[in-house]
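Okay, so here's the structure we're looking at.
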Amino acid sequence: MYTIPLLPNSFKKPGFIIIAFGLAAWLLTGLDGNNYPWLNIRVLSLFNKTNDPDTHFASIIQNNVLDELISMALIAGAVFVGFSKEKNENEFTMAIRCSSMFWAVLVYYTVQFISIGLLYDYAFFKLVFYNLFTILFIYITRFYYLVYKSTKAMHNGK
């Protein structure tokens, strides 16, 4: 059987830690509204919508990178958790992975499809931003739920 190349199992624990830090930072910064001026740095922007006619395709802009750092932490942590081998990785686990990814993609595109018709302007773009994380987090949630359910059924003799 073809197996998907996965990260070693040792990536799982750091992944959960990175997710926890990312979620904590998101909740703390989202709730207190601080701007954290020490994170205002000059960065390369490929597309920058400004009123400045001298703005080119790629330009250096001043930006607070807090939201980018939090997003990258959440994505990296979720990739580590979601694509690390289980201690006992086998064909059944691989089938659960495929099923979980199928459901994650299905939910993601269902939300996108519905939001295209119901949300506009800023609300739509905000949902698209949050939807960056839905595939990974739905995949992880469903995968571990199914692993838990099958382990529980196996121990109960079903």
Q) In this structure, is G77 out of contact with any strand residue (DSSP E or B) (no Cβ under 8 Å at 6 or more places or on another chain), of a type outside the set (S, T, N, Q) and surrounded by 14 or more Cβ atoms within 10 Å (Cβ to Cβ)? A) yes
Of the residues in the range 100-133 that are modelled with pLDDT of 95 or more and open to solvent by less than 40 Å² (accessible area, probe 1.4 Å), the one that is farthest from S71 (Cα to Cα) is S100
Check: open to solvent by 40 Å² or more (accessible area, probe 1.4 Å) and modelled with pLDDT of 85 or more: does that describe L23?
Finding: yes
Result of the Cβ filter at 8 Å on the range 75-86, keeping first residues that are without any contact (Cβ under 8 Å) to a residue 12 or more places away in the chain and partners that are hydroxyl-bearing (S, T, Y), at least 6 apart or interchain, is none
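Give V111, V107, V128 a once-over and let me know the one that is in contact (Cβ under 8 Å) with a residue 24 or more places away in the chain and β-branched (V, I, T).
V107
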Taking the range 134-150 and the residues there that are surrounded by 11 or more Cβ atoms within 10 Å (Cβ to Cβ) and among the hydroxyl-bearing types (S, T, Y), the one that is farthest from I75 (Cα to Cα) would be S150
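The values are calculated or read from the model by the stated rules, or taken from the named source; none is laboratory data. All values reported here derive from a predicted model rather than from experimental measurement. Note that we place each Cβ from the backbone using ideal geometry, even for glycine, and neighbour counts take in every protein chain shown. In case anyone asks, the SASA skips ligands and DNA or RNA and just uses the protein heavy atoms, side chains included. Shrake-Rupley method; radii C 1.70, N 1.55, O 1.52, S 1.80 Å.
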